[in-house]
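S.K.: Please read through the structure below; I'll follow up with questions.
Derivation of every value follows stated rules applied to the coordinates shown; laboratory data play no part. Note that the coordinates shown come from a computational prediction; the quantities given were computed from them, not determined experimentally. Backbone-built Cβ (ideal geometry, glycine too); neighbour counts: all protein chains shown.
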Amino acid sequence: MAYVQIEQNINGVTWIKINREEIRNAVNFEVMKELDELLSIAEGDDSKVVILSGVGKKSFCSGGDLSVFQHIMNEEDARSMLMRMGAILERIAFFPKITIAALNGTAVGGGAELASACDLRIAASHIKVGFVQANLAITTGWGGGTLLLERMAKSEALQMLLSAQMYSAEELLRNGFIQKVITKGSFEDEVMDYAAPYLNKSQMVLQAYKGRFMDGLDQERIHMNMQKEIRECAKLWEAEEHHEAVRTFLQRSKNI
């Protein structure tokens, strides 16, 4: 089974979807490997826009697979895992094509970070998004906090990070995290309708505007800040407070 699916150049769009619906599209090492490989394919194909999403309606991505990552106990191993996914988020953030996060379902923790890496975000009306890492006694660990602070007003971004609360689609539209809420019709059809004004433009025009957008980003500073963020999270990961919070979370999940 493919952990990540790709549908190439469908009317100018390449879809990349995390395919672990039964575990809320959580990220494990296999997802990381396949996501990186499929990004290379999407970069080289004829699509104009790349859309990241999840399979199903419940979850875009629930972040790291704690059933796997709970066994990472020390700072060094945590940093290795976090760096691996952090490199993928950085790749998405500086991707040469327009990227859209299509939030088919809830984005939690690392899933919210993944959405932050994309240029634009649109969402189904039922979704929620939460940077809940602080509830597990860690910070954002894939560099998503840095990217969030680049994507929206810093005061709004800081509030999302500090509160570790879940936000509704309407709240996310108001604070600028997402650009559109889909309220009716087929989700994928409506996503394609959203992208349609971009798709009827010249590939060279799209690349030029994406270039101007990239010109406004201090890539070296963002890279350094993401690396610092990952190192800080790795230190917190090693602490017993984090491990206890994970055990409590997993036990609570079993009882639901």
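S.K.: As an exercise: evaluate Glu75 against (1) without any contact (Cβ under 8 Å) to a residue 40 or more places away in the chain; (2) in contact with a helix residue (DSSP H, G or I) (Cβ under 6 Å, 6 or more places away or on another chain) and give the number of the one condition it does not meet.
M.R.: Result: Glu75 fails condition (1) only.
S.K.: Right, here's the next one. How many residues are outside any loop (DSSP other than H, G, I, E, B) and either under 16 Å from Arg84 (Cβ atoms) or more than 19 Å from the chain's Cα centre (by Cα) (or both) when one looks only at segment 1-24? Spell out the reasoning first.
M.R.: If we filter segment 1-24 for residues that are outside any loop (DSSP other than H, G, I, E, B), which is where we start, we get 4-10, 13-18, 21-23.
Right, trim to either under 16 Å from Arg84 (Cβ atoms) or more than 19 Å from the chain's Cα centre (by Cα) (or both) and you get 4, 8-10, 18.
Total meeting the criteria: 5.
S.K.: Out of the residues in segment 52-64 meeting the condition of being hydrophobic (A, V, I, L, M, F, W, C) and over 16 Å from Gln133 (Cα atoms), tell me which one is surrounded by the most Cβ atoms within 10 Å (Cβ to Cβ).
M.R.: We begin by selecting, within segment 52-64, every residue hydrophobic (A, V, I, L, M, F, W, C); these are 52, 55, 60-61.
Subsequent filtering for residues that are over 16 Å from Gln133 (Cα atoms) retains 52, 55, 60.
Values: Leu52: 27, Val55: 18, Phe60: 30.
Filtering first and then ranking leaves Phe60.
S.K.: Now a separate question. I need every pair where a residue in segment 132-150 that is more than 13 Å from Met160 (Cα to Cα) and touching a residue at least 40 places away in the same chain (Cβ under 8 Å) has its Cβ under 9 Å from the Cβ of a residue that is surrounded by fewer than 23 Cβ atoms within 10 Å (Cβ to Cβ) and of a type in the set (Phe, Trp, Tyr), sequence separation at least 6 or different chains.
M.R.: So the pair list comes out as Leu136/Phe249.
S.K.: What's the total number of residues in segment 25-34 that are within 15 Å of the chain's Cα centre (by Cα) and in contact (Cβ under 8 Å) with a residue 40 or more places away in the chain?
M.R.: Residues in segment 25-34 being within 15 Å of the chain's Cα centre (by Cα) and in contact (Cβ under 8 Å) with a residue 40 or more places away in the chain: 5 in total.
S.K.: Here's another thing I want to ask about it. Which of the numbered conditions does Ser67 fail, given that it passes all the others? Conditions: (1) surrounded by fewer than 22 Cβ atoms within 10 Å (Cβ to Cβ); (2) without any contact (Cβ under 8 Å) to a residue 60 or more places away in the chain; (3) among the polar types (S, T, N, Q); (4) in contact with a helix residue (DSSP H, G or I) (Cβ under 8 Å, 6 or more places away or on another chain).
M.R.: The number of the failed condition is (2).
S.K.: So, one more: Within segment 198-217, is there a residue that is acidic (Asp, Glu) and buried (at least 17 other Cβ atoms within 10 Å of the Cβ)?
M.R.: Going through segment 198-217, the residues acidic (Asp, Glu) turn out to be 215.
Of the ones still in play, those that are also buried (at least 17 other Cβ atoms within 10 Å of the Cβ) are none.
For segment 198-217, residues acidic (Asp, Glu) and buried (at least 17 other Cβ atoms within 10 Å of the Cβ): absent.
S.K.: Which of the residues that make up segment 39-51 are surrounded by fewer than 18 Cβ atoms within 10 Å (Cβ to Cβ) and either assigned to a strand (DSSP E or B) or touching a Pro at 6+ places or on another chain (Cβ under 8 Å) (or both)? Before the answer, list the steps.
M.R.: Of segment 39-51, the ones surrounded by fewer than 18 Cβ atoms within 10 Å (Cβ to Cβ) are 40-41, 43-46.
Within segment 39-51, just Glu43 meets the criteria.
S.K.: Looking only at segment 175-197, count every residue that is surrounded by 13 or more Cβ atoms within 10 Å (Cβ to Cβ) and outside any helix (DSSP H, G or I) and tell me the total.
M.R.: Number of matching residues: 7.
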